[in-house]
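Worksheet: one structure, shown below.
A short reminder: the numbers here are calculations on the coordinates, not readings from a lab. Values in this document were obtained by computation on a predicted structure and should not be read as measured data. Virtual Cβ from ideal backbone geometry, glycine too; neighbours counted across all protein chains shown.
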Amino acid sequence: MSEARKWVTMGDVAARAGVGTITVSRALRTPGKVSQTTLAKVQKAVAELGYVLDETAGALSSQRSRIVGALVSTLEESVFATTLRGLSEGLAEGGLQLLLSATQYDPETEAALIPTLLGRRPEALVLTSDRHTPDARALLERAALPVLELWDLPERPVHVAVGFSNRAAGSAMTRHLIDTGRRRIAFVGLDRAHDSRGHLRLEGYRDCLRDLSDERVLLLPPRRGATGPDYGAQGLREVLRRWPDTQALICVSDTLAAGAWCEAMRAGLSVPDRIALTGFGDFDMAGSSGLALTTIRIDGAAIGRRAAELILSGDMERGTRIDLGFSLIRRASS
């Protein structure tokens with residue numbers, strides 16, 4: 001029979017360190033309030049015993065969980081990595097931690113996860129989507145905590161929105177290509193019904209082309225195991241098959257643009273002379289030392305930090321929309 005195991009308690013740490021349990025609690029939660037000698041004793045005992053602070057007990061006594069729940073549309077391709085970093089670092093300054101899950105752009109998955117996170121009694125809930133099921137939205141509106149929607153600016157946020165206009169970004173990129181003399185411009189993205197940001201970028205493209213050229217839109221169905229570069233390569237092939245005279249390709253993300261560029265090289269197509277390529281996100285590979293890709297730069301870290309500041313300050317008026325903007329970065333691909 002295996003040996004029975006039990007959690008190490010604060011009392012165990014106190015006994016090992018030769019101090020009281022209140023001193024241990026103070027050393028772990030507010031180390032600046034104990035002497036360096038006492039702190040060293042407690043830290044040594046914690047390390048030796050493998051003690052983990054029981055946050056559930058603290059939450060029960062203080063009515064605070066010290067966690068913020070976050071539901072992210074995807075954890076693939078690091079789309080939201082900088083936002084999560086800015087959010088996590090900002091929250092840590094106020095003693096809060098991030099509890100994270102992914103929805104895969106599915107409102108039904110989000111609706112199932114929201115009660116799970118709310119059951120943890122978080123200080124706030126952060127979402128990277130503004131597309132919610134009616135029941136989920138009703139639950140969010142009734143919840144007695146701040147709800148922050150990031151990466152877009154919905155007309156009617158649940159509580160507060162921090163982001164930028166994806167539609168304006170799509171329009172700015174299309175206008176850039178028109179200004180450089182291209183008229184036959186295609187747009188390639190994924191056919192995900194609930195990817196509001198991708199659809200808004202497409203609407204921005206359509207806003208500019210409405211009176212100038214025919215619309216060339218290719219939305220690829222998602223398939224299991226495929227990555228952004230896979231879709232980009234497939235997208236360029238299909239666009240040129242349908243519209244051989246296409247002069248420029250707007251990709252819904254940098255990862256799609258990377259795949260399109262690789263496909264162009266395989267096909268012997270010069271970028272940007274034969275076809276200009278653009279992306280969205282300004283990921284590391286898009287920079288001048290990488291692909292030198294024309295793209296839209298979003299300060300994801302600033303979005304995360306601003307959300308953390310709002311949560312820590314508690315200064316949030318329902319219906320607030322905070323626009324942190326975007327930058328169009330022109331490089332060699334256009």
For the chain, calculated [θ]222 nm from helices alone, where every DSSP H run of n ≥ 4 adds -39500 (n - 2.57): -13000 deg cm²/dmol
Gyration tensor (Cα) of segment 10-53, equivalent ellipsoid semi-axes in angstrom: 14, 10, 10
Relative contact order (%) - criterion: Cα under 8 Å, at least six apart; region: the chain: 17 percent
Virtual spin-label span in nm between ALA267 and ARG330, 7 Å along Cα→Cβ: 2.5 nm
Proximal aspartates and glutamates relative to LYS33, as straight alpha-carbon distance under 16 Å, when same-chain residues fewer than 8 apart are discounted: none
Length-normalised contact order of segment 166-297 in % [C-alpha pairs under 8 Å, at least 6 apart]: 25 percent
Among ILE185, PHE280, GLY170 the positive-end extreme of the charge dipole of the chain (Cβ point charges): PHE280
Whole-angstrom gap from segment 113-172 to segment 237-291, using each part's C-alpha centre: 33 Å
DSSP H segments from the chain that extend 15 Å or more along their own axis, Cα-based, with Kyte-Doolittle mean of 0.5 or above: 107-118, 300-313
Dipole of the chain, positive end: most advanced residue of VAL52, GLY119, SER334 [Cβ charges, Cα centre]: VAL52
Neighbourhood charge, 11 Å Cβ-Cβ cut-off, centred on GLU238 and excluding it, Lys, Arg +1 and Asp, Glu -1: +3
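Which percent, to the nearest 5, of DSSP beta bridges fully inside the chain are antiparallel?
Counting DSSP beta bridges with both partners in the chain, the antiparallel share is about 10 percent.
Once the piece of chain linking ARG242 and ARG120 is laid out straight, how much longer is it, given 0.36 nm per residue of separation minus the C-alpha distance between them? Before the final figure, lay out each step's value.
Values: separation 122, 0.36 × 122 = 43.92 nm, distance 5.11 nm.
Once the chain is fully extended between ARG242 and ARG120, it gains 38.8 nm.
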The chain, dipole about Cα centre (Lys/Arg Cβ +1, Asp/Glu Cβ -1), debye to the nearest 20: 420 debye
The chain - Rg (one decimal) and Dmax (whole number), Cα, Å: 24.7, 80
DSSP beta bridges in segment 199-334 [antiparallel fraction, %, rounded to 5]: 40 percent
